[in-house]
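Have a look at the structure below, then the notes.
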Amino acid sequence: MAEQQEQSSEDAVMARAGQAVMLHRAGDREEARNRLLELWTEIGEHGDPLHRVTIAHYMADTQDDPADELAWDLRALTAADVLTDERVEQHHRSLEVRAFYPSLHLNLAADYVKLHREDEARAHLRRARGAIGTLGDDAYGNGIRAAIERLELRLGAGGDGGPVGPPRREE
């Protein structure tokens, strides 16, 4: 019974995170940020790694300041580094932790570009490129690969090709 209640609680966190993401996609960035921050406060810095990676990953998108976006994307990467496949499978049956890394590193590369820190951007872009073998041949995987290519072109040309950002996986 306690295990069932714990699982329901975990599902509730993911459901609430998903609701916040929907608000953001509908254009209510501030409310999405408020709800995600409330969730982050509830779970804490040392809470469930799946919750932390999910909330931090989407919280980054709601930030106005590129340095704040970077901080949240770094939190997401830190959480992914301690996340287990077993925990991911409780939420996504056919997903492994390693499938998170192309998007996480791509996000960090885009953050560093915004901060004019091209060396760090290139380092994370190499990591994203190195991890794309984990992506499926589907819209999400193709979107990540295309975003990597766009950012590589932008960094290679050294110009400002406009905003570059990877698609986020639907929760």
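The values are calculated or read from the model by the stated rules, or taken from the named source; none is laboratory data. Quick caveat, the model's predicted, so the values are computed rather than measured. Cβ sites come from the backbone with ideal geometry, for glycine too, and all protein chains shown count toward neighbours. These area figures cover heavy atoms from the full protein model, side chains too; ligands, DNA and RNA do not enter into them. Shrake-Rupley method; radii C 1.70, N 1.55, O 1.52, S 1.80 Å.
Scanning the range 50-75 for residues that are aliphatic (A, V, I, L, M) and surrounded by fewer than 21 Cβ atoms within 10 Å (Cβ to Cβ), we see that the one that is nearest to the chain's Cα centre (by Cα) is Leu74.
Does at least one position in the range 95-102 carry a residue that is modelled with pLDDT of 95 or more and assigned to a helix (DSSP H, G or I)? Checking the range 95-102: at least one residue is modelled with pLDDT of 95 or more and assigned to a helix (DSSP H, G or I).
Residues considered: Thr78, Thr41. Of these, the only one that is assigned to a helix (DSSP H, G or I), open to solvent by 30 Å² or more (accessible area, probe 1.4 Å), out of contact with any His (no Cβ under 7 Å at 6 or more places or on another chain) and within 25 Å of Ile132 (Cα to Cα) is Thr78.
Checking each residue of the range 147-162 against the condition of being farther than 25 Å from Arg25 by Cα, within 16 Å of the chain's Cα centre (by Cα), of a type in the set (A, V, I, L, M, F, W, C) and at pLDDT 95 or above gives no match. Among the residues making up the range 94-104, those that are closer than 24 Å to Asp65 by Cα and open to solvent by 20 Å² or more (accessible area, probe 1.4 Å) are Phe100, Tyr101. Of all residues in the range 90-119, those that are more than 21 Å from Met59 (Cβ to Cβ) have Cβ atoms under 8 Å from Cβ atoms of residues that are among the hydrophobic types (A, V, I, L, M, F, W, C) and open to solvent by less than 10 Å² (accessible area, probe 1.4 Å), 6 or more apart or on another chain, in Gln90/Leu50; Glu96/Val88.
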